[in-house]
Amino acid sequence: MEEQLQLGFMETELQEPQKQSPYADFDLPALATDAAACTKCPLHETRNSVVFGVGNTGADLMFIGEAPGADEDRQGEPFVGRAGQLLTQIIESGMRLKRGDVYIANVLKCRPPGNRNPESDEVETCSPYLVRQIELIQPKVIVALGSFAAQMMLGTKVGITKLRGEFHECKVDGLQVPPHKKPPVVMPTYHPAYLLRNPNAKRDVWEDIKKVLAFLAEGTG
């Protein structure tokens, strides 16, 4: 055993090789092109569009939802329906930013039929696209809109009501952060679609957004 250690055999065996993302060498245009042709899960059979993402590719702030809806599927852009209009209002009227100042994406790039919830195998198949988007954009803050996005970002099964209102460490599986960079912090909050059904929750979301603004104003990270 001593001789093996000296030769480095045991050390090599003990070191787990890090799993390489299939998109590790992709830039955003190449990633978008690959996503547009994706047939890795059955959602490609019912989609009209692949909804990749939109906005400032060097943004400090990224909004992540769960999946495209009918309007997004038609137009090929995330958050353009009623919920998207409310998100734009939060960004522009509330945060005093332009929609184009931030980056907006979803966990799934294709619409689940009937706007049903994403299935676990769909999230597992599609999430590497989002992970690579985060790696390339390098946001300081991710606002996770709703339970599915928050649970993916944080590696948890805890619901959004318990998660929202506080910053959390980003624990998305497979995310690689450059040595000179800090990983993004995650602020979970309610999805705009939830706010359309529960207008009283807008106050909670505004409190969450104010914390995001304060964090960004401090220039932390």
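Coordinate-derived values only; no laboratory data. Keep in mind it's a predicted model, so treat the numbers as computed, not measured. Here the Cβ positions follow ideal geometry from the backbone for every residue, glycine too, while neighbour counts run over all protein chains shown.
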Exercise. Working out 0.36 nm times the residue gap between Gln176 and Thr46, then minus their Cα-Cα distance, what length gain in nm do you get to one decimal?
Worked result: 43.6 nm
Exercise. Once phi is turned into θ = phi - 60°, what whole-Hz ³J(HN,Hα) does the Karplus curve with 6.51, -1.76 and 1.60 give for every residue of the range 107-119, x standing for Gly and Pro?
Worked result: 5, 8, 9, 10, 6, x, x, x, 6, 5, 5, x, 8
Problem set entry | Cβ-based charge dipole, the chain, positive-most Cα from Leu28, Val102, Pro139 | Val102
Exercise. How far apart, in nm, are two points set 7 Å out from the Cα along the Cα-to-Cβ line at Thr39 and at Lys162?
Worked result: 4.2
Problem set entry | Residue-by-residue Karplus 3J(HN,Hα) for the range 190-206, coefficients 6.51, -1.76, 1.60, Hz, glycine and proline x | 5, 5, x, 4, 5, 5, 5, 8, 9, x, 5, 6, 4, 5, 5, 5, 5
Problem set entry | Inter-label distance, nm, simple model (7 Å from Cα along the C-beta direction), Ala30/Arg96 | 4.1
Exercise. Based on the Cβ-Cβ distance of Arg82 and Glu218, what FRET efficiency does E = 1/(1 + (r/R0)^6) give at R0 = 45 Å, to the nearest 0.05?
Worked result: 0.85
